[in-house]
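For reference, the structure is listed below as structure tokens.
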Amino acid sequence: MNTQQPRPKDKFKDWEDPLYNDLRKIFSRSKLREVLTHSSFYEQEGKGNSRYVFAGMFVFKGMVAQVLYRYFTGEGTRLQHVLGNLFRNERLERLFDELKLKPFVRAGENFDIKSHKHIFVYAIFGYVTTLDEDIRNWFIAKYILNEESEHLFLHKKRNANLLAQADEMVRRTNGQRLTLEMEVTEEGLHKAKAVLSDGTILCEAESKSWRYARTKATKLALNMLATPFRKEMLSNPDYQARVLAREEEKIAKRKAEIEARDAAKEAIRAEKKAKWKEIARARDRKRRASQAAAKIRKAENAAKAAKEAKPISAKKQRFLEDKKK
């Protein structure tokens, strides 16, 4: 009895698309199907791409580590940090989308492919370890140690701060320098501007904290400088305007959220204040009513006491004595 799940429709109809030129260099259709088939696709154990995933996570990563050891300077701790960044999940997920692997992935119905993109990329890595050295080196150079990862190797121990790293990246990119300019906005916030030596404002950031505004602006500058084709980005005013517009939109959205939160808190405080005022007024009314009732009782008691203390006339005294006889 065949326990394998029904095969899906052929997803290789776009296999000849130029987008898959790189995959066709190293894969046949059947091999790509094998490498991108998760074990959850089968009902029986022992089938799937788990061995390729293992090879990708350890053998391929070891090959990249060997390249770092041979050709890049730095202490072992620094190289370990770079290796970790090269294989972080976010980067692997981008590579999954870049290679457009989704149409060829096979997995069980209950398996969440979107949350496990990195697993299939590791499987690709694992298969690459079985190829000859030239293909391996070509793949590592194009997809691992490429322009996107270049910024990871610019770190120097003397440049341990973020601003120094960003300044170094700008200097190497187009010969300019990066500085931070600070100002105080009308709302009393600290604004940090990352400015190039030609006067171009690369990015801005605001915060109540002077230090945090500088850190936020520096990190934003680093993220912008770390993107591929950053030379074109730095020289493109339209791109810079879009980046600044997105940042301003984000700041405005955050400001609106803070204002809405503060307004909600103020409404709650006003409601509580009104409630306590009503409670105080009720207590005051009760106190005043108690005081008025006490005054009435006091007057009645005083009248009664006065009546009882009034002297008896001689005539009435004789009447009471005769009555006793």
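Since every read-out is calculated from the coordinates, none of them should be taken as a lab result. These numbers were taken from a predicted model, which means no experiment stands behind them. Neighbour counts run over all protein chains shown; Cβ positions are idealised from the backbone, glycine included.
List of remarks:
- With distances taken between every two different alpha-carbon atoms, the range 15-134 has a Kirkwood hydrodynamic radius of 15.3 Å.
- Here the simple spin-label model places points 7 Å from the Cα toward Cβ, and for K272 and F319 these points are separated by 7.1 nm.
- Kirkwood-Stokes translational diffusion coefficient of the range 67-151, alpha-carbon pairs, 10 °C, 1.306 mPa s, µm²/s: 111 µm²/s
- The listed peptides 213-224, 289-300, ordered by packing as a protection proxy, come out as 213-224, 289-300 (highest mean of other Cβ atoms within 10 Å first).
- Packing-based ranking of 95-102, 52-59 yields 52-59, 95-102, ordered from highest to lowest mean Cβ neighbour count within 10 Å.
- Equivalent-ellipsoid semi-axes of the range 257-325, from the Cα gyration tensor, Å, largest first: 66, 7, 4
- Look at where the Cα atoms of the range 14-74 and of the range 272-309 average out, and the two centres are 88 Å apart.
- Peptides 278-284, 88-94 ordered by average Cβ neighbours within 10 Å, highest first: 88-94, 278-284
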